[in-house]
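The structure appears below as structure tokens.
The values are calculated or read from the model by the stated rules, or taken from the named source; none is laboratory data. All of these numbers come straight from a predicted model, not from anything done at the bench. Neighbour counts run over all protein chains shown; Cβ positions are idealised from the backbone, glycine included. The area values use the complete protein model at the heavy-atom level, side chains included, leaving out ligands, DNA and RNA. Shrake-Rupley method; radii C 1.70, N 1.55, O 1.52, S 1.80 Å.
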Amino acid sequence: LTGLIEQDLKIGRPIRATRGARKIVALVGPTGVGKTTTLAKLAANLHLRDGVKVGLITVDTYRIAAVEQLRTYAELISLPMKVVTSPVEMEQALAELTGLDVVLIDTAGRSPKDERQIAELKACLDAAKPDEVLLVQSLAAGLTSLEATAASFAPAGVTGVIYSKLDEANGLGALWQLARKRSWPVSYLTTGQNVPEDIEPAHATRMARLVLGLD
């Protein structure tokens, strides 16, 4: 049964850097799914474990203390960080973040029901021209909500998914159901609030075991 479920799961590669060829990765998603914490986990692991030169950009100027939260992580890990509020500033920030292997972009949480907000997000991403756009979704949400969110964020050019808050979910059958309906590969799973520990690259066997309640 585990093997049958594995066949339906689409697994993406973790973020990989090529020296001298800057990769831009943006995290998008609704409010409250843990984008900023997830971005900090990615940045810490890439920089401290893999020795990758990482830069951070935040567009999340709407949420109280969001900028300071990311700035604190950036200072702790000794990473350059830019704050942008428009597509023009995004282009300027990227022009200034030179000599890096990876730039991670933290976007503001958007309501999946607000088409104007999604359009604003797309405009900012169009200016950034990211190599990857990872949709962060909380598995603590219901399947119907997860499906609606995925459909709403599709216009942002999503290339992969990070599923967060596995530790808060009541059952993980949604991992399988979503995989059967969406072609996006899953790159990471997050399992708690600890930075940088509570994140892992997606693996088909591990995900199948989670679906079946074996892990």
Q.
For the chain, what does the accessible surface come to per residue with a 1.4 Å probe? Please give it in Å².
A. 46 Å²
**Q.** Largest-first ordering by accessible area, 1.4 Å probe, given options Lys82, Lys181
**A.** Lys181, Lys82
Q) What Kirkwood hydrodynamic radius, in Å, does the chain give when the mean of 1/r is taken over all pairs of distinct Cα atoms and then inverted? A) 17.4 Å
(Q) Within the range 18-67, what whole-number % of the accessible surface is contributed by carbon and sulfur, with the 1.4 Å probe and all protein chains included in the calculation? (A) 56 percent
Q: Would you mind working out the magnitude of the charge dipole of the chain relative to its Cα centre, with +1 at each Lys and Arg C-beta and -1 at each Asp and Glu C-beta, to the nearest 20 Debye?
A: 400 debye
Q. Using only helices, what value at 222 nm comes out for the chain when you add -39,500 (n - 2.57) per DSSP H run of length 4 or more and divide by the total residues, to the nearest 500 deg cm²/dmol?
A. -11000 deg cm²/dmol
Q. Residue-wise, which Karplus ³J(HN,Hα) couplings in Hz belong to the range 17-32, taking 6.51 cos²θ - 1.76 cosθ + 1.60, θ = phi - 60°, and x for glycine or proline?
A. 9, 10, 3, x, 10, 5, 9, 10, 10, 10, 9, 10, x, x, 5, x
Q | Vicinal HN-Hα couplings computed from phi for the range 42-52 (Karplus, 6.51 cos²θ - 1.76 cosθ + 1.60; Hz; Gly/Pro x) | A | 4, 4, 5, 5, 4, 7, 7, 8, 9, x, 7
Q. Which ³J(HN,Hα) values in Hz, rounded to whole numbers, follow from the phi angles of the range 169-184 under the Karplus curve 6.51 cos²θ - 1.76 cosθ + 1.60, where θ = phi - 60° and Gly and Pro get x?
A. 7, 9, x, 10, x, 4, 4, 6, 4, 5, 4, 6, 9, 10, 8, 5
Q. Can you give the alpha-carbon Rg of the range 1-43 over 2.2 N^0.38 Å, where N counts its residues?
A. 1.63
Q.
Can you give me the % of accessible surface on the range 131-210 that is carbon or sulfur? Probe 1.4 Å, all protein chains present, nothing else counted.
A. 48 percent
Q: Set Lys and Arg Cβ to +1 and Asp and Glu Cβ to -1, take the dipole of the range 101-215 about its Cα centre, and tell me which of Gln177, Ala141, Leu121 lies farthest positive.
A: Gln177
(Q) Cα atoms only: what Rg and Dmax, in Å, come out for the range 85-168? (A) 14.1, 43
Q: List, in the order given, every pair from Lys41/Lys129; Lys41/Lys181; Lys53/Lys82; Lys10/Lys53; Lys23/Lys82; Lys35/Lys82 whose Cα-Cα distance in the structure shown is over 25 Å.
A: Lys41/Lys181; Lys10/Lys53
Q: Could you work out the per residue convex hull volume over the alpha carbons of the range 8-100, in cubic angstrom?
A: 122 Å³
